[in-house]
Structures are given as structure tokens and as C-alpha cells.
Amino acid sequence: MFNKQVGLIHAVDGVSFSINKGETFGLVGESGCGKTTTARAILYIDPPTSGKINFEGKDIVSIFKSKNKEEKLKLRRKIQYVFQNPYASLDPRMTVSDIIIEPLIIHKLVPKKFCYQRLYELLKLVGLEEYHAERYPHEFSGGQRQRICIARALAVEPTLLIADEPVASLDVSVRAQILNLLTELQQKFKTTFLYISHDLSTVRHICHRVAVMYMGRIVEVAKTEDLFEEPLHPYTKALISSIPIPDPLAKKTRIILTGEVPSPINPPVGCRFEARCTYDKDQNCVKNVPKLVDVGNGHFVACEKTKK
Amino acid sequence: MSRYIIRRLLYLIPLFLGILIIVFAATRIAGDPVRLMTALNPHISEQSRINLAHYYGLDQPIYTQFFMYLSQMMAGDLGNSYAIRGGIEVTTLIGDYIGPTMQLQILAMSLALAIAIPVGIISAKKRYSKLDMTVTTTSLLGTCIPVFYMGIIAIIVFSYILGWFPPGSYITQISDTRNYFLGNPTLDILWHMAVPTGVLTFAILAPIVLLVRSSMLEVLKQDYILAARASGLSERVVIYKHALRNALIPVVTYAGIYFGGMLAGAPITETVFNWPGLGRLFVQATTKLDFPVIMGITVVITIMTLIANLITDITYGYIDPRIRME
Amino acid sequence: MVKKILKIENLKTYFYTWAGIVKAVDGVNIDVNEGETLGLVGESGSGKSVTALSIIRIVPSPGKIVEGKIIYKGENLVEKKEKTLQDIRGKEIAYIFQDPATSLNPVFTIANQLVEVILRHQKISKKEALEKAIELFRLVEIPDPEIKIWNYPHQLSGGMKQRMAIARALASQPNLLIADEPTTNLDVTIQAQILELMKNLKKKLGMSMILITHDMGVVADTADRITVLYAGRVCETADTKTIFYNPKHPYTQALLTAVPSLALKTEKLNVIPGSIPNLIKPPKGCRFHPRCEYAQQICTKKIPELTEIEPGHKVACLRATEINLKSPLGGSNN
Ligand SMILES: Nc1ncnc2c1ncn2[C@@H]1O[C@H](COP(=O)(O)OP(=O)(O)OP(=O)(O)O)[C@@H](O)[C@H]1O
Ligand SMILES: Nc1ncnc2c1ncn2[C@@H]1O[C@H](COP(=O)(O)OP(=O)(O)OP(=O)(O)O)[C@@H](O)[C@H]1O
Ligand code: SF4
Ligand code: SF4
Ligand SMILES: [Mg+2]
Ligand SMILES: [Mg+2]
């Protein structure tokens, strides 16, 4: 039943979901829409059933399918992942220094004797102290653990860092610390980021461009300002209007969606948003899968009724 | 629900076959059956051996033998004993011995569940109280001490020191009906059962008490318990309706596994209590290398364990709707 | 003068754990006016849920209310017997929990759980109760209530489950509804639906409500007044507009500026250094002082009292009148 969203991966490289070097690209959508699956496909943890993922001009899928160990290891190094849950993604029996040094050794990045020097550099970078190195994960707060995860990912100097809901499990005040850290690192190293989140406010805060997903498909891609100022897809509109604004005097024109989210096991044939769409829908919406089309200025929409 | 039961049943068939194959292979690995059959008569001629092997079909390839065994089993024939009561049919033999085993095991299991569940609940409700401490300590002891050891102690205390109960066996040997306990055969059997049932019940009960207690404590922490309280339901409804059903889910699984374990442990317990059940028959058969009987008992115990498993699964499905619906 | 439906005075709820006494709620004062929605905000671990559970006296062990009064309609609930409290719970004061997935019992049908609660507080027949349950389902806008009611919780989506939990809370038309983060675990579009539904129901049924959340956006939209909690104490209470435009407590202001938001696109988020203190050994004096940028010597010694600085605006900060806080929304606009 679970098809690894072939169409989605096609959309990723075939149309315009290419992430530019050095940018922070946001992938937003509600729970279960396939954000994590996309990330896992890129990392080849859940290999895509078909489709291509181009990374630095090479196809990830064919590299992983080949027997070229060296190339594979190189890819594993260049694309790093920060998980949603900093509690589950650190081995509780390893100290922070083990956790961070391990990838340095696997990928033979620094001579053994310089490992510690690099470790301290990394800790400092993410706002931890040298004395933290010999502690175990359970001795840290959630925010600090997420910093450790980030340090581990940065240790191998990745070109693409995928952060899957890195702040979702953190407290409001700590969330700001991590978001600031990510922005800082991005500016400093010009690392390319794929930032996955269901929280549009944080996405707006740190992303340059954003793709909106709904039930395994990309429905809209645009520059952050364009997307938030002038969303075109009815789903994006509803999504943005649903975010509570922390200003009691702000004018609110909420679009309340009615209808249930269709079952992902048996999705609608045509537009998957059809059941909840607030536009004048017609037969086209039920029958055809709307294509992601450029409406100008790098703004892509997949809706039959939105064609400028 | 009926679809769920059918699914479970279908799943049992390959499982049963698998176990049979393993046991069958094991008995064959143990040695040449003809040699075993004639072990007590070493002077038998080579020709008779060959004749015997042919008679029992032992000269056929092993898989043919297995299918023969299987088809006979389907027809209710488990073969004949090599050594007991002059080659009596295994089915008849098992029929004579299965009653006492089931009596003891089922009674002990039912008693254990009937006592363990309320005790576990009270213990959880009054966590860290004196009562709870006593219950947990006793149960821990019961879990640690092996059944046969407990049995020996119980026999020493209740039969030899206190003299309240007989030290073993199923019923008073009939030389005179007045020798029956209170002159009644049924009461006499019950009188003989008291110590074995008590020991077995305690052995089963102890780990279940601990399980009910910890499972209950876990459930009482859940939001839906708080929510039940928050809607004004009385403590009785909260505990016995909302918490209990959820707390029983792991208990049911455990009880099923444990029942199988008890049956497998029957040889030891029944020997200790000189109880004329399948377990003791098994021990007898083993000492005489009576493979058809060993095989037959294994088949019966496997079937009973699988039935216990099925009952567990059905209860499980009844308690937890999430299982029932996949 | 507005009538108060609930008045909490100097509430202290402690947890007696092996590691020590967790002073989860330590001298909290809260008022809820009749017909209003009070927003209770604060970071995780600030004591929001424990305060709310204390109100209906269902703090789980090893927690105990050690001091304080909870005055509901003139009567002190702290002194009431368990039996009396059971009659109040669900009938007078109802509760909605954070996680709809865990607040419904997984092994009973929705109908079973709903009818049970209806029968608990109303003397009607089972059949009437079932009709009433279906009626409630309609009220919370669940499609095909006659069918859905026979489902088990795991067969419903998150949003539906929360609707069902709301239906259960509303079963006996409570006067006060406590909603503990009712939308935190839901998707934004579903959150919008549920908040809208709750607002409408509140109006329709004339209830008062305590809405617990850590999302400043949600309170801005829903609450009439706001109480900010930090480490088991109240920092500030005022009407919603004042809290957002004219905060007087450094923590309130920090909370406002730490949230990435659509309304205020700032380059860098304001960071509150450190994290919420250990409540077994909370900081002396003002509990916020280790993280407060305005802290002075005195803050480490003296416990700030909750004092009214303007009508209806109470602050617990020793320097409330000296420091000049600016709201990220553009400061005071009174
Ligand atoms: N291992 C799996 N087996 C079957 N289905 C799966 C598996 N992993 C994910 N799915 C399904 O794929 C869909 C996409 O899941 P995914 O985890 O990518 O969502 P997501 O957008 O990351 O959601 P969230 O915000 O909840 O993390 C979901 O409907 C999910 O149920
Ligand atoms: N059963 C318990 N045992 C010990 N401490 C507890 C218990 N329940 C709560 N606490 C403590 O009480 C404090 C307040 O918890 P509370 O649940 O009220 O926080 P909250 O403000 O509701 O946070 P959240 O936003 O995470 O729900 C926390 O420090 C917590 O550790
Ligand atoms: S394609 Fe049709 S149904 Fe889909 S979003 Fe556009 S208008 Fe709505
Ligand atoms: S009392 Fe002092 S430490 Fe506390 S909030 Fe006011 S200024 Fe900050
Ligand atoms: Mg995910
Ligand atoms: Mg809480």
C-alpha cells in the first residue's frame, strides 16, 4: 500500500523543487503528508521506488544502487540529517565526544590526534562548553541535545543538511536559541539546508524558499515572501490563514477548512485537496492530477483553477 | 470478531506442523527405534529386527514415515507403546492420564487468576502501603522459588509435620471404601488435590500479581484515567471499568504463555506430588525410551498449548479492539 | 463589578518524589470572571496543568495540595469531600486534555464513554442518554454522528477525537470549562477548526473557560484575559490587549519576543538564556532572576508579590515600575 511517493520524487527534480546551493529550503505540510518520507528518500534510508534525485550533478539513486563504496560513503558524509527528536537520536551509552568523533573517524576527515581539537571547535560552534564533552546525553536538556545533534551533523562538513522538525519537541524559549543557531551557521558556512517543519512561523523565519506539501504532493513552491504575501493554492491560503497571530488586534480572515483529510491509503484520483477545497471545483479537479506549473517569478502552483 | 478468530486458527496450522516436524526429527535423532524397542531383549536376531522395522514402516524414507505418522494421527491413532502395559495404544494411555493433569492445571490457573487480579489491583491502589509491601515481597518470593522446591517444602509441612493432607497421589488406594476421606471418593480426590493445587496456584499467582500491579500502575498514570476522574466518575468505575480492562492486556498475554509453560513443567510437578498425570507418564516413558508415548504426549501438550494460545488471542481481541481490527 | 466564578488564592501543590519535593505550583493566584475566557500561558513545566488539575482536585499522586483556597461559586473546593467533588467534576467544571489520542479510553466505544458520563450526572434512561450523545456529536460538528459514535477512538482522526473529548466535556453543560492545550497536538488547519468551534460553543452555552496553552498566537485570538505563569508562580495578569501591548513583566515580554511569528518578522529572535529552573530547588527571590536581563541584587533575595499596578493589571516584579519594557507589537498604545 505504501508507495514511496514516486510522483513526489519526480516533482522534486523534474519540476522546480531543486534546492539552490547555499539556500535554506523549507518543506512544510501537515502531519503525515510525506515530509519525512521525502527526506528519507534523499538520504536513501527509504530508497525511492523510482525517480531521480540529483545532488551536485549526480543521481543519488544510481550511486546508492551501484557498488561504488567510496562514492556512497562520500554521499553519506555530504548529506547530513538532524532528527526531530533529540532524545531518541543520541545513543545514551555514548559520551558527547564519542558521538561527535565517531563520524570524524569513519569518514577519515581529521587525523586522530586532531580529533579533540575539532571536537572542541564544534562544541563551541553550537554553543556548548569543552567540559560537556565527557558527559552523556541524559545529562543535557532538550535544547542542548539538539545542539549535540547539530554538532554531529556539522562535524563532517556536509554540503546539504536536512533538519526534520529540529525544534518541534523543544520549548518556546529554547526553540528561539536553536533557530538562531541554525541561521547563524547557515550564514557562516553557506551550507545548504532542507528545513522540514509543520510550523509555518519558523519556516518563514529561516527559509529562503518554501515548498508546501499536501498528501504526498507538492502543491506550491515559491520564495518565502511571495508564498506568505501572496499564496496561490487554496490549501496554502488556508494553512497560512490558520496560523494564530500573536496580536489581539490583528485582523483575522480565517479560512476554516471543512471536510476530513482523505485516507492516504486510498487517495483521491485527481486533486487530493478536492474534498476540502474552497474554490469552485469542477470535473477537472476530480479527474486530473493538477500539474505544478510556473506562474512567473519562480512561483509554482499545482491547481487547475490557478493559472495566471 | 469471527474473522479474527478464523485468522488466528489458520495461523495455528503451520505452527503445529512445524512443532511436529521438530519433535519427530528429535526422536529419530535419539536413535534407531527398532534398537530402542528391543533394548530389553538384546538377543533378538537380525532378521527379526528387519521384520520389526518393516512392520512399523521404519524402513521407509523419513519423510514417508512422517506423513504416515501424520495421517495416522489425523485418524486418531498415535501408535502403540514400546514398553508400557504390553504395547497398549498411546491414545488409550493418554486418555487415562490426561484427566488428572487438566484438573490440576485448570483449577490452579483459574484460582490463580481469581486471586491475583484483585490482589494486584489493591496492591497498586495502595502503593507503598504495608499491605502492598507484603504482597510484593511474597510474590517476589513465589516467583523466585522453583515449583518443585515449593512442592517439597509444602509436603513436608502439610503432610509430615502437620499431617493435614496426604503426601501425594490422586486418591486413596481402595482396599476399603471407609478409607476414603470422609468416606466419599470425590472429597477424597479433592483432599489429595489440596497441596498440589495450592502450590501450583501460588506459583502461577505470584508473577501474575506483580504483573497486574505494575500494569495497573502504568495504566493509572494514563490521561484517560485522569479524564475519567475529571468527568466525575466514581473511583470504583474508574478502577474496575476504565483501568482494569487496559491493565489486563499484558496479563492475558502472560497467562497464555505461562499456561504453556506449566504444562511443559508438568513432569517435574507431577513427579513431586506423585500425581498420575501426563507429566509423570512422560517421565516413565522417558526412562523406558518409549518414543511413541513421548511423541504422543508432546503432540497432546502442543495441542493444549496451542488451544491455550488461541483462547489468549481471542480474549486479547475481545479486550483490545485495536488488535481485533488489525 | 463582574462576578467571579473562580478565585484561586495562594495555591500550593507539591509533588513528594524520591528526589525531593517538587514545588510545581507555589503560591498561585488566579481569578476567572463569569463568562470570560482566561488564557493561562507559560513554558513547559511552569505548572499550568498542575494548577488546572488542582482546581478539580485530581492531582495524581505523589502530588498534594498543601495550601491555598480554590473558591468556586463562593465555596472552597479544597475543603470539600471526594463525594461532593465527584458531583462537581464533569457537571459544574469540565476538563479537556491536551492529547486527544490518550485522553480517550482505547478499549471502549465512543458511545460507551459518552453515555457513561451523561448518565453519571443526569437522571435519564440509557436510550435517552444515547440520543443525547448523538445530539452532542452534532453540536461538535461530527459528520454522521449515528455511525461515528459506535467507533473506537483509534478509528477516528486526531481532530475528531478532540471533538469527541469536547463533546464529553460539554455533556452536562458545565459552567466552567478547563481546556488544557486542546489543540497543541493537532495540525494548524484542524486547530483553527477546533478553536473556532470552542469559541462558538462557549458563546452558545454561556460558559466560562480557562484555556491553557504555550502558544501566544492561540491566546491572542481566544482569551479575554491572560495569566502568565513561570516556574509555579504567576508573573502577570491583565486583559489580553494589555499583555500584548503593554507587558510589565520581563518574562511576559521575553515570551512575546521569542516567538517566531508571521506578524513580526525580525532578523533574530530574542533568546531567553538558560532554561526553566529545577522546581525541587527553585532560585531564591524572584524565580526568574537567573534568566532576567533586568535582574538586580534585590531580585535574588526578595520574593516579588503580585501587585495591582493599574486596575485589572497585576504584576509580580520588583522593578515593574522602574523598567520600561517595549512590546514587540509596538509598545504601549493606551
Ligand atoms: N514505514 C511506513 N510504513 C507505512 N506507511 C508509512 C511508513 N512511513 C510513513 N508512512 C506513511 O507515509 C505517509 C507520510 O509519512 P511521513 O512520516 O513522511 O509524514 P510527515 O509529513 O513527516 O509527517 P509528520 O509531520 O507527522 O512527521 C503517512 O501517511 C504515513 O502513514
Ligand atoms: N507526577 C509528577 N511527579 C513529579 N513532578 C511532577 C509530576 N507532575 C508534574 N510534575 C512537575 O510539576 C511541574 C509542573 O508541571 P505541569 O505539568 O503543570 O507543567 P505545564 O505548565 O502543564 O507544562 P506543559 O506545557 O509541558 O504541559 C513540572 O516541573 C513537573 O516536572
Ligand atoms: S485543482 Fe481544483 S480541487 Fe484542487 S485545489 Fe485547485 S481548485 Fe481546488
Ligand atoms: S523581580 Fe527582578 S528578576 Fe524578577 S522579573 Fe523583576 S526584574 Fe526580573
Ligand atoms: Mg515527519
Ligand atoms: Mg501541561
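Every number in this text was worked out from the coordinates using simple rules, so none of it is lab data. These numbers come from a predicted model, not from an experiment. We place every Cβ from the backbone using ideal geometry, glycine too, and count neighbours over all the protein chains shown.
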Checked chain C with the C-alpha gyration tensor, a ≥ b ≥ c its square-rooted eigenvalues, rounded below a/c of 1.5, otherwise prolate if a/b is larger than b/c and oblate if not; verdict prolate
Compactness ratio of segment B:2-69: Cα Rg over 2.2 N^0.38 Å, N = residue count? 1.60
Exposure proxy order (Cβ contacts within 10 Å, fewest to most) of C:E34, C:E75: C:E75, C:E34
Sorted by Cβ density within 10 Å, fewest first, the residues B:Y318, B:Y55, C:Y230: B:Y55, B:Y318, C:Y230
What is the log10 of I(q)/I(0) for segment C:106-173, computed with the Debye formula using one identical point scatterer on each Cα and no solvent, at q = 0.15, 0.20 Å⁻¹? -0.39, -0.70
Check C:I210: other-chain or 5+ apart residues with amide H under 5 Å from its amide H, H built from backbone geometry? C:L38, C:L177, C:I178, C:A179
I'd like to compare B:70-79, C:292-301: which one has the highest average count of other Cβ atoms within 10 Å, and what's the full order after that? C:292-301, B:70-79
Euclidean distance between Cα centres, segment C:51-114 to segment B:1-31, Å: 51
With T = 10 °C, eta = 1.306 mPa s and Kirkwood Rh from C-alpha pairs, the Stokes-Einstein D of segment C:43-151 in µm²/s is about 98
Given the peptides C:192-203, B:43-54, arrange them by the average over their residues of other C-beta atoms within 10 Å, most packed first. C:192-203, B:43-54
Cross-link list A:K69/A:K112; C:K4/C:K69; A:K305/C:K148; C:K4/C:K301; A:K252/C:K48; C:K4/C:K281: which exceed 25 angstrom alpha carbon to alpha carbon? A:K305/C:K148; C:K4/C:K301; A:K252/C:K48; C:K4/C:K281
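Shielding by partners for A:197-206, please: the mean number of other protein chain Cβ atoms within 10 Å of each residue's Cβ. Don't jump to the answer; show the numbers that get you there.
On the way: counts 0, 2, 2, 3, 10, 4, 1, 4, 10, 2.
For peptide A:197-206, the averaged partner shielding equals 4.
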At q = 0.14 Å⁻¹, work out log10 I(q)/I(0) for segment A:205-279 with the Debye formula, treating every Cα as an identical point scatterer and leaving solvent out; two decimals please. -0.52
Suppose we keep just the alpha-carbon trace of chain A; what are its Rg and Dmax in angstrom? 20.6, 68
20 °C / 1.002 mPa s Stokes-Einstein diffusion coefficient of segment A:159-308, Kirkwood radius on C-alpha pairs, µm²/s: 126
Sorting check: for B:126-133, C:60-67, which peptide has the highest mean count of neighbouring beta carbons within 10 Å, and how do the rest follow? C:60-67, B:126-133
Quick one: among B:L233, B:L20, B:L140, which has the greatest mean-square fluctuation in a GNM of chain B with alpha-carbon springs under 10 angstrom? B:L233
Dmax and Rg, reported as Rg then Dmax, of segment B:98-319 (C-alpha, Å): 20.2, 68
Quick check on my link table: of A:K35/A:K237; B:K241/C:K132; C:K12/C:K73, which ones sit more than 24 Å apart, alpha carbon to alpha carbon? none
By how many nm would the segment from B:I21 to B:R127 lengthen if fully extended, with 0.36 nm per residue of separation less the alpha-carbon distance? 33.3 nm
Starting from the Cα of C:N10, step 7 Å toward the Cβ, then list every residue of segment C:25-44 with an amide N under 15 Å from that point. C:26-30
Test item: C:170-180 mean partner chain Cβ contacts at 10 Å: 1
Where Lys and Arg each count +1 and Asp and Glu each count -1, what net charge lies around B:L310 among other residues with Cβ under 15 Å from its Cβ? +3
Simple spin-label estimate for C:K326/A:K58, 7 Å along Cα→Cβ, in nm, reads 5.1
Chain lengthening between B:L107 and B:D59 when straightened (0.36 nm per residue, less Cα-Cα): 12.8 nm
Among B:Y224, A:Y116, what is the fewest-to-most ranking by other Cβ atoms within 10 Å? A:Y116, B:Y224
Label-point separation, B:L190 to B:T287 (7 Å along Cα→Cβ), nm: 3.3
Zone of A:K190 (label point 7 Å along Cα→Cβ, backbone N under 15 Å): which residues in segment A:211-248? none
Most fluctuating residue given options A:E129, A:E157, A:E70, as computed from a GNM of chain A linking Cα atoms under 10 Å: A:E70
Please compute the average number of Cβ atoms from other chains found within 10 Å of each residue's Cβ in peptide B:90-102. 0
GNM on chain A, Cα springs under 10 Å; top mean-square fluctuation among A:P244, A:P48, A:P267 goes to A:P244
Taking the Kirkwood radius as the inverse of the mean 1/r across Cα pairs, report the Rg/Rh of segment B:218-305. 1.35
Sequence-distant or interchain residues sharing an amide H contact under 5 Å with A:L194, placed H: which? A:F25, A:L161, A:I162, A:A163
Out of all Cα-Cα pairs in segment B:36-135, roughly what percent, to the nearest whole number, are more than 17 Å apart? 72
Cα pair distances in the protein assembly as shown, grouped into 10 Å bins until the bin that holds the longest one, percent each: 2, 9, 15, 17, 18, 15, 11, 8, 4, 2, 0, 0
Could you tell me the center-to-center distance, by alpha carbons, between segment B:260-326 and segment A:220-297 in angstrom? 61
What aspartates and glutamates could a cross-link reach from C:K326, if we take a straight Cα to Cα line under 14 Å and drop same-chain neighbours fewer than 8 places away? C:E293
